[in-house]
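Have a look at the structure below, then the notes.
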Amino acid sequence: MPHIKLSDELPGIGGAFAFRPETAKPMRELAQILLHQPNSLTPAERELIATYVSSLNDCYFCQTSHGAAAACHLGNQATVEQVKSNFELAPISEKLKSLLAIAGKVQQGGKHVTSSDIETARALGATDAEIHDTVLIAAAFCMYNRYVDGLDTWQPQNPEMYQQMGEHLAKEGYTTSSIKNGRA
């Protein structure tokens with residue numbers, strides 16, 4: 001049960017966004033820029049970064065909804081699960097693996113990222129913009145995860161709902177809700 005009175009019909013971040021639409025707007029816009037707008041990292045790669053950080057933070061709602069968006073982009077769920085369990089063994093590029101290593105360190109605390117981590121990413125082809133966006137996605141998802149879990153929002157266990165949310169996020173982006181009256 002949520003710690004404050006949130007909508008019974010909107011799970012996860014949707015209920016928190018409905019509670020404070022004035023804060024939801026810039027948070028949605030940030031997600032739109034980071035995850036949906038054109039970028040040298042693919043939408044799948046950016047969703048995998050968000051999913052990985054959310055899994056490290058044990059935020060069920062975010063790792064499942066963004067994992068579904070990543071799966072929609074990738075065409076499979078198996079890679080998403082591999083990234084969450086051990087990204088080093090996942091069938092993804094070495095560059096993305098180096099960026100996930102950076103994202104994991106940001107999740108622990110920004111000062112955990114070292115010059116060596118950045119040099120490794122650059123040697124594998126990561127640009128400064130990609131490194132920047134990885135750090136910002138990781139930091140933003142620490143915020144989003146703590147927002148969802150800190151309010152103890154409703155997090156349904158319905159896989160079909162998350163699949164529908166993921167499809168909406170992958171196709172439509174983040175400026176509109178993927179949840180309508182408790183349904184994706």
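The values are calculated or read from the model by the stated rules, or taken from the named source; none is laboratory data. Keep in mind that what you see is a predicted model, and the values were worked out from it rather than measured. Please note: Cβ atoms are built from the backbone with ideal geometry, for glycine as well, and neighbour counts cover all protein chains shown.
Return yes or no: is Glu29 surrounded by fewer than 21 Cβ atoms within 10 Å (Cβ to Cβ), free of Cβ contacts under 8 Å to residues at least 12 places away in the same chain and in a helix (DSSP H, G or I)?
Judged against the criteria, Glu29 is not a match.
Pairs are defined by a Cβ separation below 7 Å, a sequence spacing of at least 6 or placement on different chains, a first member in the range 114-126 that is more than 18 Å from Asn39 (Cα to Cα) and among the aliphatic types (A, V, I, L, M), and a second member that is at pLDDT 95 or above and buried (at least 16 other Cβ atoms within 10 Å of the Cβ); the pairs so defined are Ile118/Ile131.
From the list Leu124, Leu136, which one is surrounded by fewer than 22 Cβ atoms within 10 Å (Cβ to Cβ), touching a Lys or Arg at 6+ places or on another chain (Cβ under 6 Å) and modelled with pLDDT of 95 or more? Even if it seems obvious, please write down each step before you answer.
Working: Leu136 fails: touching a Lys or Arg at 6+ places or on another chain (Cβ under 6 Å).
Testing whether each residue is surrounded by fewer than 22 Cβ atoms within 10 Å (Cβ to Cβ), touching a Lys or Arg at 6+ places or on another chain (Cβ under 6 Å) and modelled with pLDDT of 95 or more leaves just Leu124.
Under the condition of being closer than 16 Å to Cys59 by Cβ and either in contact with a Phe, Trp or Tyr (Cβ under 8 Å, 6 or more places away or on another chain) or surrounded by fewer than 19 Cβ atoms within 10 Å (Cβ to Cβ) (or both), the residues counted in the range 155-169 number 3.
Per-residue answers, yes or no, for (1) part of a helix (DSSP H, G or I); (2) closer than 24 Å to Pro156 by Cβ; (3) modelled with pLDDT under 95; (4) in contact with a Phe, Trp or Tyr (Cβ under 8 Å, 6 or more places away or on another chain):
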{"residue": "Ile13", "(1), (2), (3), (4)": "yes, yes, no, yes"}
{"residue": "Thr64", "(1), (2), (3), (4)": "yes, yes, no, yes"}
{"residue": "Ala68", "(1), (2), (3), (4)": "yes, yes, no, yes"}
{"residue": "Pro91", "(1), (2), (3), (4)": "no, no, no, no"}
{"residue": "Leu99", "(1), (2), (3), (4)": "yes, no, no, no"}
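Could you tell me whether the range 127-135 includes any residue that is farther than 18 Å from Leu35 by Cα, assigned to a helix (DSSP H, G or I) and in contact (Cβ under 8 Å) with a residue 12 or more places away in the chain?
Residues of the range 127-135 farther than 18 Å from Leu35 by Cα: none.
No, that holds for no residue.
Does any residue of the range 47-63 turn out to be closer than 20 Å to Ile131 by Cβ and surrounded by fewer than 19 Cβ atoms within 10 Å (Cβ to Cβ)? For the range 47-63, residues closer than 20 Å to Ile131 by Cβ and surrounded by fewer than 19 Cβ atoms within 10 Å (Cβ to Cβ): absent. In the range 170-183 there is at least one residue that is outside any helix (DSSP H, G or I), hydroxyl-bearing (Ser, Thr, Tyr), out of contact with any Leu (no Cβ under 7 Å at 6 or more places or on another chain) and crowded, with 17+ Cβ neighbours inside 10 Å. Restricting attention to the range 108-154, the residues that are closer than 25 Å to Ala18 by Cβ and among the charged types (D, E, K, R) add up to 3.
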